[in-house]
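Working notes, beginning with the structure itself.
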Amino acid sequence: MQKLTEEFPLLNQYLYANTAASGLLYDGLLQWRQEHDLDFLIDGIPAKKVCVGLISETRTTVGTFFNCSRESVALIPNFSLGLNMLLEGLDQDARVLLLEGDYPSVNWPFENRDFIISYATIDENLEENILAKIEQDRISVLALSLVQWVNGIQIDLKFLKRLKQNYPDLIILADGTQFCGTRDFDFEKSGLDVLLASGYKWLLAGHGNGFALFKEEIKDRFHLRTIGLNAANGDVSKNGKVRFAKRLEPGHLDTLSFGSLKFSLDYLTRLGMQTVARQNEQLSVKAKIAFAELGLLEEAVLKREGHSTIFNIKGNERIYGQLAQKDVICSLRGMGIRFSFHFYNTENDIDRLVEILKTGK
């Protein structure tokens, strides 16, 4: 991990603690993208036709990376478009449970339709709050982010698996944008029925790409209306014979964007997701202890056992400005300052942040 600055030149100049906003571009991906467009520049349409095979390869790579059948993988430009298309096929009588303060692109698509909606509180008792609401309000759909965008609280995946076992008719739909790429994840063995994510954060794949994964048994719970020639792979005779996941791909997909997703998934595979997860866990533990000692974390984060690598500390624009002057890239979010660490960060980065925060008080 120490040699990663060679792949991520920005790390030579800045302390980058902002992956929750955007993952970094790295040399290998930049080179691939340049070669892709150079081929198009020189060869034109024939090269594009060859590149179309990238879409199929990307679908296979996504399925392998997350352990999901390739036929149950939809390639989508981003999480928000995928969710909105999906919800057009959900029964409007569904009783939906959301989390208060969850990412707007998770909650708004439900709130702007005619679903019956309940809310669970995000605090140290998140799982208990969800369970109580499910039992109380006869919930049929639970929709949530696996990791909260403001403070980094992460749902217990074992809880979701138990929840699905105890409530087999409950649809569990998750946003994995702040989760996928931080640790190894087996979709088929999880409690999730649907997982959607954008690829530009922890997967380091740049903008314009994402995916949706589906369990086979959930497909008859949605009646998707989206359609287009691309969904039928360009075959005009297949109208009405399009498989479920392809309904979310009505139009052409960009080979540069989805080729970037494939390239980055292959890159993370070569690094080893267990290695990535181990580094992220070490960063999470160290950061939580360090920020807790400074009294900068909210009670809900302090009282939970596990946590992601996203932390929101008590701070204002003055402290944020001091961090920027010290070449620290982070974000103002909610009522504080959000730091988000990925495997290319080091424990020295956290030590440096602590020193800046101490002197800035």
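The values are calculated or read from the model by the stated rules, or taken from the named source; none is laboratory data. These figures come from a predicted structure and were not determined experimentally. For neighbour counting, all protein chains shown are included, and Cβ atoms are generated from backbone atoms with ideal geometry for every residue, glycine included. Protein only, heavy atoms only, side chains kept; ligands, DNA and RNA dropped before computing areas. Shrake-Rupley method; radii C 1.70, N 1.55, O 1.52, S 1.80 Å.
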Taking only the stretch 62-113 into account, find how many residues are of a type in the set (Gly, Ala, Ser) and at positive phi. 1
I need the full set of residues from the stretch 152-176 which are in a loop (DSSP other than H, G, I, E, B) and open to solvent by 20 Å² or more (accessible area, probe 1.4 Å), in order please. Asp156, Tyr167, Pro168, Asp169
Can you name the number of the only condition in (1) crowded, with 21+ Cβ neighbours inside 10 Å; (2) under 30 Å from Ser284 (Cα atoms) that Leu248 fails? (2)
Gly101 vs. criteria open to solvent by 20 Å² or more (accessible area, probe 1.4 Å), of a type outside the set (S, T, N, Q) and outside any helix (DSSP H, G or I): yes
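How many residues does the stretch 195-239 contain that are assigned to a loop (DSSP other than H, G, I, E, B) and open to solvent by less than 60 Å² (accessible area, probe 1.4 Å)?
Narrowing the stretch 195-239 to residues assigned to a loop (DSSP other than H, G, I, E, B): 199-209, 215, 223-228, 233-235, 239.
Subsequent filtering for residues that are open to solvent by less than 60 Å² (accessible area, probe 1.4 Å) retains 199-206, 208-209, 215, 224, 226, 228, 234-235.
Result for the stretch 195-239: 16.
Among the residues of the stretch 135-148, how many are buried (at least 16 other Cβ atoms within 10 Å of the Cβ) and out of contact with any Ser or Thr (no Cβ under 9 Å at 6 or more places or on another chain)? Lay out the reasoning, then the answer.
In the first step, residues of the stretch 135-148 are kept if they are buried (at least 16 other Cβ atoms within 10 Å of the Cβ); the result is 137, 139-148.
Those left that are additionally out of contact with any Ser or Thr (no Cβ under 9 Å at 6 or more places or on another chain): 140-144.
Final tally of qualifying residues: 5.
Any idea which residue in the stretch 13-37 is farthest from Ser257 (Cα to Cα), counting only those that are part of a loop (DSSP other than H, G, I, E, B) and open to solvent by less than 20 Å² (accessible area, probe 1.4 Å)? Show your work before the answer.
Of the stretch 13-37, the ones part of a loop (DSSP other than H, G, I, E, B) are 13-14, 17, 19-26.
Applying the additional criterion that residues be open to solvent by less than 20 Å² (accessible area, probe 1.4 Å) yields 17, 19-20, 23-24, 26.
On the way: Ala17: 24, Thr19: 19, Ala20: 19, Gly23: 14, Leu24: 15, Tyr26: 15 Å.
Ranking the qualifying residues of the stretch 13-37, first place goes to Ala17.
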Output the residues belonging to the stretch 111-158 that are at pLDDT below 95 and within 26 Å of Leu297 (Cβ to Cβ). none
Pairs, first farther than 17 Å from Gly206 by Cβ in the stretch 32-45, second in a helix (DSSP H, G or I), C-beta under 9 Å, six or more apart: Asp39/Ala47; Asp39/Lys48; Asp39/Val50; Asp39/Cys51; Leu41/Ala47; Asp43/Val50
Which pairs turn up if I take residues in the stretch 136-159 that are within 22 Å of Glu111 (Cα to Cα) and look for partners that are aromatic (Phe, Trp, Tyr) and assigned to a loop (DSSP other than H, G, I, E, B) with beta carbon separation below 8 Å, at least 6 apart in sequence or on another chain? Val141/Phe115; Ser145/Tyr103; Ser145/Phe179; Leu146/Phe179; Val147/Phe179; Gln148/Tyr103; Trp149/Tyr103
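So which of Arg338, Arg352 ends up being modelled with pLDDT of 95 or more and in contact with a Lys or Arg (Cβ under 9 Å, 6 or more places away or on another chain)?
Working: Arg338 fails: in contact with a Lys or Arg (Cβ under 9 Å, 6 or more places away or on another chain).
Exactly one of Arg338, Arg352 is modelled with pLDDT of 95 or more and in contact with a Lys or Arg (Cβ under 9 Å, 6 or more places away or on another chain), namely Arg352.
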Within the stretch 68-81, count every residue that is in contact with a Ser or Thr (Cβ under 9 Å, 6 or more places away or on another chain) and not hydrophobic (A, V, I, L, M, F, W, C). 4
Of all residues in the stretch 104-134, count the ones that are crowded, with 19+ Cβ neighbours inside 10 Å and in a loop (DSSP other than H, G, I, E, B). 2
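Yes or no: Leu265 in contact with a strand residue (DSSP E or B) (Cβ under 8 Å, 6 or more places away or on another chain) and either in contact (Cβ under 8 Å) with a residue 24 or more places away in the chain or outside any helix (DSSP H, G or I) (or both)?
Values: in contact with a strand residue (DSSP E or B) (Cβ under 8 Å, 6 or more places away or on another chain): no; either in contact (Cβ under 8 Å) with a residue 24 or more places away in the chain or outside any helix (DSSP H, G or I) (or both): yes.
No, not satisfied.
Give me a count of the residues in the stretch 86-117 that are of a type in the set (Lys, Arg) and under 17 Å from the mean Cα position of the chain (by Cα). Explain how you work it out, then say what you get.
Residues of the stretch 86-117 that are of a type in the set (Lys, Arg), as a first pass: 95, 113.
Still in the running and under 17 Å from the mean Cα position of the chain (by Cα): none.
Here the count works out to 0.
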Looking for whichever is at pLDDT below 95 and surrounded by 13 or more Cβ atoms within 10 Å (Cβ to Cβ) here; the options are Leu41, Leu54. Which one fits? Leu54
Taking the condition at pLDDT 95 or above, open to solvent by less than 20 Å² (accessible area, probe 1.4 Å) and under 19 Å from Thr60 (Cα atoms), does Phe179 pass? no
